[in-house]
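The values are calculated or read from the model by the stated rules, or taken from the named source; none is laboratory data. All values derive from a computational prediction rather than experimental measurement. A quick note on method: Cβ atoms are made from the backbone with ideal geometry, for glycine too, and the neighbour counts reach across all protein chains shown.
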Ligand code: HEC
């Protein structure tokens, strides 16, 4: 990545608290199978924030404080040998948030794998997706190495033996609705995602104008709350020859661990696609 040392971005505030407001995330995990509050203590890893923040755990619930506004945060929750480490993604707006992430027991996971005849290996992960689509076998497109999809009850779909990485799951061209998610997959961990099915893919605004379409995104996603100079200097953070590697897109994305927070849900995030299109057409600010 190119560093723009000469210009640099003015950060709106200094000190211990992140600029742009910080929120609390309160979580009361529930059992994937029963939906009941989980029994016993949990351990929690919070991903997507730099520097990392620890959760304050009280029995089966926990709190994470100091989360910047508009952050996309992954919670990896496990429980004393009974619950498999299970990752859920939550998105904080400019408000505190209460969530009930699902966590699956080792026994329930082993049963699901046995039901579909898959042997799980420790180097791979599992994805459990909730997506109300008529035919998961043909409606889902998964751009990663995995075994599946296996339709489960209640609109859940499983992929086993998923290679670690950031695979995309999208609607196949023949699916009637549109949905997508970028999943974070790690070895030995279950990743759970709820995919909202939309009628048609959101269209990009056309013609695309910087002041009208790009600047509002920088405001709405909290960028300008932390970066005073971002709207004025946005064009300095683009790489015209390789638009997706532009710092403007790459820094606040999942693939980058050095930014205070993850802001873009993935490459299908409408805000991400709008900025990408603006860069592809030359990043003009007039
Ligand atoms: C919570 C505050 C915060 C938010 C919100 C935030 N940033 Fe940042 N951003 C930072 C900090 C702090 C750094 C410096 C990170 C480092 O280099 O260690 C940074 C670095 C960057 C850089 C690299 C700057 C350089 O000089 O190389 C870019 C580009 C950037 N952010 C874009 C964005 C965009 C676009 C958004 C919104 C989608 C955003 N940021 C949201 C705090 C924030």
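Quick rundown of the values:
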quantity: Number of positions in region 230-256 that are part of a loop (DSSP other than H, G, I, E, B) and within 10 Å of the ligand (Cβ to nearest atom); calculated: 6
quantity: Test: residue in region 100-112 that is under 15 Å from the mean Cα position of the chain (by Cα) and either modelled with pLDDT of 95 or more or not assigned by TED's automatic domain parsing to the domain that holds residue 157 (or both); calculated: yes
quantity: Test for residue 271: is it under 17 Å from residue 92 (Cα atoms), surrounded by 14 or more Cβ atoms within 10 Å (Cβ to Cβ) and either more than 13 Å from the ligand (Cβ to nearest atom) or without any contact (Cβ under 8 Å) to a residue 12 or more places away in the chain (or both); calculated: no
quantity: Failed criterion for residue 189 (all others in (1) without any contact (Cβ under 8 Å) to a residue 40 or more places away in the chain; (2) more than 15 Å from the ligand (Cβ to nearest atom); (3) under 30 Å from residue 32 (Cβ atoms) hold); calculated: (1)
quantity: Which numbered condition residue 138 fails, given (1) modelled with pLDDT under 95; (2) in contact with a strand residue (DSSP E or B) (Cβ under 9 Å, 6 or more places away or on another chain); calculated: (2)
quantity: Residue list for region 217-229, restricted to those being more than 26 Å from residue 201 (Cα to Cα) and near the ligand (Cβ under 9 Å from one of its atoms); calculated: 224, 225, 226, 227
quantity: All positions within region 248-262 that are surrounded by fewer than 19 Cβ atoms within 10 Å (Cβ to Cβ) and either touching a strand residue (DSSP E or B) at 6+ places or on another chain (Cβ under 6 Å) or closer than 17 Å to residue 210 by Cα (or both); calculated: none
quantity: Residue, surrounded by the most Cβ atoms within 10 Å (Cβ to Cβ), within region 1-41, restricted to residues that are modelled with pLDDT of 85 or more and within 16 Å of the ligand (Cβ to nearest atom); calculated: 25
quantity: Meets criteria (under 23 Å from the mean Cα position of the chain (by Cα), more than 9 Å from the ligand (Cβ to nearest atom), crowded, with 17+ Cβ neighbours inside 10 Å and closer than 22 Å to residue 143 by Cβ) for residue 265; calculated: yes
quantity: Options 77, 73, 64: the member that is more than 16 Å from residue 23 (Cβ to Cβ) and either at pLDDT 95 or above or in a strand (DSSP E or B) (or both); calculated: 77
quantity: Lone unmet requirement of (1) assigned to a loop (DSSP other than H, G, I, E, B); (2) on the phi < 0 side of the Ramachandran plot for residue 154; calculated: (2)
quantity: Residues of region 198-212 satisfying the condition of being closer than 25 Å to residue 177 by Cβ and either within 16 Å of the ligand (Cβ to nearest atom) or assigned to a loop (DSSP other than H, G, I, E, B) (or both); calculated: 199, 200, 201, 202, 203, 204, 205, 206
quantity: Qualifying residue in region 80-98 (condition: more than 16 Å from the chain's Cα centre (by Cα), under 22 Å from residue 159 (Cα atoms), in contact (Cβ under 8 Å) with a residue 24 or more places away in the chain and buried (at least 21 other Cβ atoms within 10 Å of the Cβ)); calculated: yes
quantity: Residue within region 121-136 that is surrounded by 13 or more Cβ atoms within 10 Å (Cβ to Cβ), in a helix (DSSP H, G or I) and without any contact (Cβ under 8 Å) to a residue 24 or more places away in the chain present; calculated: yes
quantity: Residue within region 158-176 that is touching a residue at least 60 places away in the same chain (Cβ under 8 Å), in a loop (DSSP other than H, G, I, E, B) and farther than 18 Å from residue 196 by Cβ present; calculated: yes
